[in-house]
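First the structure, in the form of structure tokens, and then the observations on it.
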Amino acid sequence: MLRQIITQSKKHLSLISLFVFIGAGGTGAALYLLCLALFNPDVSWDRKNNPEPWNKLTPNDQYKFYSVHVDYSKLKKEGPDF
């Protein structure tokens, strides 16, 4: 396939920029997805020790980016303990 790209770009010089931009876009998208998978703090690759981290949250934990100040001492627990 690389040989076909090279022969086509020799015949039509205007295709070189197309191949460069498509290759750069594909490489950038792949690197972006790799960074999301490796460096996202919400993703846990360890399934044995912490498979469902949201079950360990208490009402005092802030899990949203922005939260309105709430007096947690007045909150009533409305769900069962698992």
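Computed values, structure above
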{"read-out": "Every pair of residues 6+ apart whose Cβ atoms lie under 9 Å, when the first sits in the stretch 17-31 and is closer than 14 Å to L2 by Cα while the second is among the polar types (S, T, N, Q) and surrounded by 10 or more Cβ atoms within 10 Å (Cβ to Cβ)", "value": "F19/Q8; F19/S9"}
{"read-out": "Test: residue in the stretch 34-41 that is modelled with pLDDT under 70 and either more than 18 Å from the chain's Cα centre (by Cα) or not in a helix (DSSP H, G or I) (or both)", "value": "no"}
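The values are calculated or read from the model by the stated rules, or taken from the named source; none is laboratory data. Since the structure is predicted, the reported quantities are computational estimates derived from the model, not experimental observations. With ideal geometry, Cβ positions are generated from the backbone for all residues, glycine too; neighbour counts draw on all protein chains shown.
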